[in-house]
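Below: one structure, written as structure tokens.
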Amino acid sequence: MRVLVAEDEVRLAVLLEQSLTEAGFEVDVVGDGRAAFAAALDVGDAAYDVLLLDWMLPGLEGLTVCRRLREAGVRTPVLMLTARSAVPDRIAGLEAGADDYLGKPFDLDELIARLRALHRRARSDELEGAVVQVGDLSLDREGRRVHRGGTEITLSAREFDILELLMSRAGRLVTRFTILDEVWDGDTDVRSNVIDVHVAALRAKIDRPFGTDTIRTLRGSGYRIDP
């Protein structure tokens, strides 16, 4: 999961970057609102899964950043982080388009849990529909079945979950960190080569017998399925 942290307090920004990285997230940190707005506008391969915005940012307040992103059509989940705890402030944040609100001081475990919850909620919206289709490759989420044309392909549970993730984001880069977070639930003890082994096994089942090349490796970054 890719997270953009917008926080101008240096010590807190360093702590957040370290803690979220240790939790298995890919983290970028910016220190002002204008940089946060520009970074969050990217909806391509570098798009973020969740935004963590401090309210009191220089340049543009986090509240303004959130509102302008929503006006621009960006629907990335936003967790607003602020020392303002009055009810009117919380209401203002939510009305600006924030999905959640956490007051300072906060517990790091709760922050991580809230970020994961926002991402799961967004993923469930993204994964609406029982069947995902990419070319002649189809994946039935409810039945957990995969077909290439008229041929059914038997996959392990991990292989199915990886394929579902890749197909649901067809055309977008899916990093190893994202696969780790989504399929292994952020288990940082899993070695990166385990992911490579599963992807290789997946290719051997969905591509090799059919003379196709569905899953592309972007070296040093991750994988992508082209629509």
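The values are calculated or read from the model by the stated rules, or taken from the named source; none is laboratory data. Source: prediction; values computed, not measured. Reconstructed Cβ throughout: ideal geometry from the backbone, glycine too, with neighbour counts over all protein chains shown.
Determine the pairs where a residue that is farther than 24 Å from Ala113 by Cα, located within the stretch 52-70, has a partner that is among the basic types (Lys, Arg) with Cβ atoms under 9 Å apart, the partner being 6 or more residues away or on another chain.
Pro58/Arg34; Gly59/Arg34; Leu60/Arg34; Leu60/Arg68
Looking at Val14, Val27, can you tell me which residue is touching a strand residue (DSSP E or B) at 6+ places or on another chain (Cβ under 6 Å) and among the aliphatic types (A, V, I, L, M)? Quick ask: steps written out before the conclusion?
Working: Val14 fails: touching a strand residue (DSSP E or B) at 6+ places or on another chain (Cβ under 6 Å).
Every option except Val27 fails the conditions.
Which condition number in (1) surrounded by 12 or more Cβ atoms within 10 Å (Cβ to Cβ); (2) among the hydrophobic types (A, V, I, L, M, F, W, C); (3) under 26 Å from Asp213 (Cβ atoms) is the one that Ala92 fails?
Among (1) surrounded by 12 or more Cβ atoms within 10 Å (Cβ to Cβ); (2) among the hydrophobic types (A, V, I, L, M, F, W, C); (3) under 26 Å from Asp213 (Cβ atoms), Ala92 violates only (3).
Any chance you could count how many residues in the stretch 187-219 are exposed (fewer than 12 other Cβ atoms within 10 Å of the Cβ), modelled with pLDDT under 90 and acidic (Asp, Glu)?
Qualifying residue count, the stretch 187-219: 2.
The rows are residues; the columns are (1) outside the structural domain of Val174 (by TED's automatic domain parsing); (2) at pLDDT 90 or above; (3) not small (Gly, Ala, Ser).
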| position | (1), (2), (3) |
| --- | --- |
| Gly31 | yes, yes, no |
| Ala35 | yes, yes, no |
| Ala39 | yes, yes, no |
| Val50 | yes, yes, yes |
| Ala86 | yes, no, no |
| Asp89 | yes, no, yes |
| Asp99 | yes, no, yes |
| Lys104 | yes, no, yes |
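Within the bounds of the stretch 59-66, is there any residue that is assigned to a loop (DSSP other than H, G, I, E, B), of a type in the set (A, V, I, L, M, F, W, C) and touching a Gly at 6+ places or on another chain (Cβ under 6 Å)?
The first filter runs over the stretch 59-66 and keeps only residues assigned to a loop (DSSP other than H, G, I, E, B), leaving 59-61.
Applying the additional criterion that residues be of a type in the set (A, V, I, L, M, F, W, C) yields 60.
Pick out the ones that are also touching a Gly at 6+ places or on another chain (Cβ under 6 Å) and you get 60.
Scanning the stretch 59-66 turns up at least one residue that is assigned to a loop (DSSP other than H, G, I, E, B), of a type in the set (A, V, I, L, M, F, W, C) and touching a Gly at 6+ places or on another chain (Cβ under 6 Å).
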